Structures are given as structure tokens and as C-alpha cells.
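First the structure, in the form of C-alpha cells, and then the observations on it.
Please treat every number below as a calculation from the coordinates, not as lab data. What you see is a predicted model, and the numbers here were worked out from it, not measured in a lab. FYI the Cβ positions are ideal-geometry reconstructions off the backbone, even for glycines, and counts take in every protein chain you see.
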Amino acid sequence: MATENQYLNPRQWVEAHADYLYGYTLSRLNDEEQAKDLVQETFLAALEKVDKFEGKSSERTWLTAILKNKIIDVYRKKSSGLRQADVKVAEEDQQDFFEEDNGHWTKAYAPQPFGIEDHDPLVGKEFNSILQKCMQKLPALWMAVFTMKHMDDATTDIICSELKVTQANFWVIIHRAKLNLRACLQKNWI
């Protein structure tokens, strides 16, 4: 096992990693107060686990892994309160978007190019801001699944295990989340 002095420097964590961890959390939860709380909880949890750090990763990677688990706990807590009826209503509202026999988009609702190929950094910031607002409108479970899949690159198996959803339900959620995000972006961005 690594000693604290050999690999970790807890006295420098806030200065060296707080901004990064805060930004990481904020991009996944879009809640400033909760992001601040989770970063603090991460530092406290890391202090409690300092003797378990083996030095197989960088200090930042290790802290980020602890933070990821805390974010997943938030997702799990939010999604456990999601009423199944809310999901069913949302799915029924959008049943016309997909072919019933094969799950593909119907011609009337097939995705169209956004036309935002401009690489202007200001446009990117504005787009990301609108995307975050659109993500906040998703049911909690949908946001958790979408974020874990497309922002954290988690595998389907991990997402299903962590959020306690079946693989079939996972794919339905991913499709519905994308559908909602597309509609929201088309309404608010284009």
C-alpha cells in the first residue's frame, strides 16, 4: 500500500483538484449546490480511504473515481423516486416517433441535421448550456442513464446494475431520452 506522503497530498487537494471535480460534477448534475457538496463529500471520503490508495492511478483519477460513485448514488436516489406512471405517460406521448415493428424512427420524425457544424467556441458554450437545460427536463432515471452512457461512457451492464434496470428497459430509456433531447434542442436551439 502507498503511504500518504508517497502518492497523495491531501493538503493540496482543494487547490489542485476542486475546480476540476466541481466542473465534472456540474456537467452531470447541473446543480451548483449539490456539485459543491459532492466535491466536499469526495474529499472527506478520500481522507477516510487514504490508507487504501495503492498508487495505481493518479491522485486526480482516484478522486474522480470516488466522485463518480457519489454521482451514481445521486442518480440512484433520484431514479428510485421516479414513478413508473410518469415514464409510461412520457412513452405514450411519443409512441408515434418509432415504427412499432422495428423500433426505427418514422419518416415524419426522423432526425435531421442540426446545421451547427460551426466550431465557434461561443456557439459551443451556448449549445452546451441549452443541452444541460434540456437534460434537466428529463425524468431522473432517463437523465441518469443518458449521462452514464454518453458522458461517462459506462457500459450497459454497469448502468443496468447500478440503476437496477433491465437491458430492455435501458434501451427504451436511451431512445426516449434521445427523443426528448432532440425535441428540446430543436425547440430551443434551432
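So between HIS175 and ASN188, what do we pick up on full extension, going 0.36 nm a residue minus the alpha carbon distance?
2.7 nm
So if we plug the beta-carbon distance of GLU126 and LYS78 into 1/(1 + (r/R0)^6) with R0 = 35 Å, what FRET efficiency do we get, rounded to 0.05?
Given R0 = 35 Å and the Cβ-Cβ separation, E is 0.85.
Listed highest first by mean packing, meaning other Cβ atoms within 10 Å per residue, what order do 137-144, 181-188 come in?
Per-residue mean Cβ counts within 10 Å order the peptides as 137-144, 181-188.
Over all distinct Cα pairs, what is the inverse of the mean 1/r for region 4-80, reported as the Kirkwood hydrodynamic radius in Å?
By the Kirkwood definition, the hydrodynamic radius is 12.7 Å.
Just list whichever of LYS36/LYS77; LYS78/LYS149; LYS77/LYS107; LYS52/LYS178; LYS56/LYS178; LYS133/LYS164 have alpha carbons separated by over 28 Å in the model shown.
LYS77/LYS107; LYS52/LYS178; LYS56/LYS178, as the Cα separations exceed 28 Å there.
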